[in-house]
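Take a look at the structure below.
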Amino acid sequence: MAGEVDTPSGVAGRYATALFELALEEKALETVEQDLNRFASALDVVEDLRRLVRSPVFTAEEQQRAIAAILDKMEIEGLTANFLKLIARNRRLYAAPDMIKAFRALLARHRGQASAEVTSALSLTEGQLRALQTALKAALHKDVQLDQKVDATLLGGLVVKVGSRMVDSSLRTKLNSLKQTMKEVG
C-alpha cells in the first residue's frame, strides 16, 4: 500500500491530515468529502474563485468574507466550512487544491483504495471512466478512486498518476518525443 498512496506532506499534508482526523473523529468523512468535491468543482469552473484563492493581492479579511459568502451560497457548512474559513484566515487558501488532493489520498488509503489522477484532453465519459477504473483495479489489485482533470493542451490520450507512478500516453508527449528524435537524426 505504501507504494501506491503517498503520505501527504508539507503545509497541504498537515492541514489535510488535521481535517481528516477531525472528520474521522466526528464520523463526518462522507460529508466532508462531498463538500470538498463541490468546492473543488467550483474551483475548476469559476475563474473568479480561482483568482480569489491564488492571488496574494487579497487580504486575509477579504478572503475570509468572500469565502464565507461563497460557502453560504454553496450550502457548505460545519467542519468543511470551518476548515476553509480557517485556511483563509491563516493565509493558506492558495494551498486549498493541494489540501483537497491530500485529503482524498488519506480517504482512499482509509478505505483501502488507491487514488489516481487522470488527465485527458477532453472530459471522459462514464463508460471510459469505468473502463479505466477496471483496468487500474486489475493492475493494482485494489479499488481505485479517480480524480479527473481536463487539459486541452494534451491534444489526446491520457496521463494517469497513481502515487509516485505516472503513465503518460498523451499525444503531446508523443509529438514532443518525435520532434526530439527528428532533431537528433537531422
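The values are calculated or read from the model by the stated rules, or taken from the named source; none is laboratory data. Predicted, not measured: the structure shown is a model, and the values here were computed from it. Using ideal geometry, Cβ is built from the backbone for each residue, glycine included, and neighbour counts are taken over all protein chains shown.
In region 30-47, the qualifying residues are those that are within 21 Å of GLY163 (Cβ to Cβ) and either among the acidic types (Asp, Glu) or at pLDDT 95 or above (or both), and the one that is farthest from the chain's Cα centre (by Cα) is GLU33.
ASP44 falls short of the stated requirement of being in the same structural domain as LYS27 (by TED's automatic domain parsing), charged (D, E, K, R), assigned to a helix (DSSP H, G or I) and out of contact with any strand residue (DSSP E or B) (no Cβ under 9 Å at 6 or more places or on another chain). Number of residues in region 48-59 that are assigned to a helix (DSSP H, G or I) and either over 21 Å from the mean Cα position of the chain (by Cα) or under 20 Å from ASN82 (Cβ atoms) (or both) equals 3. Only one of the numbered conditions (1) in a loop (DSSP other than H, G, I, E, B); (2) surrounded by fewer than 18 Cβ atoms within 10 Å (Cβ to Cβ) is violated by ILE76, and that is (2).
Within region 94-150, if we keep just the residues that are within 14 Å of the chain's Cα centre (by Cα) and more than 24 Å from PHE20 (Cβ to Cβ), the residue that is surrounded by the fewest Cβ atoms within 10 Å (Cβ to Cβ) turns out to be VAL150. Among the residues of region 60-67, are any in contact (Cβ under 8 Å) with a residue 40 or more places away in the chain, hydrophobic (A, V, I, L, M, F, W, C) and either assigned to a helix (DSSP H, G or I) or in contact with a His (Cβ under 7 Å, 6 or more places away or on another chain) (or both)? Scanning region 60-67 turns up no residue that is in contact (Cβ under 8 Å) with a residue 40 or more places away in the chain, hydrophobic (A, V, I, L, M, F, W, C) and either assigned to a helix (DSSP H, G or I) or in contact with a His (Cβ under 7 Å, 6 or more places away or on another chain) (or both).
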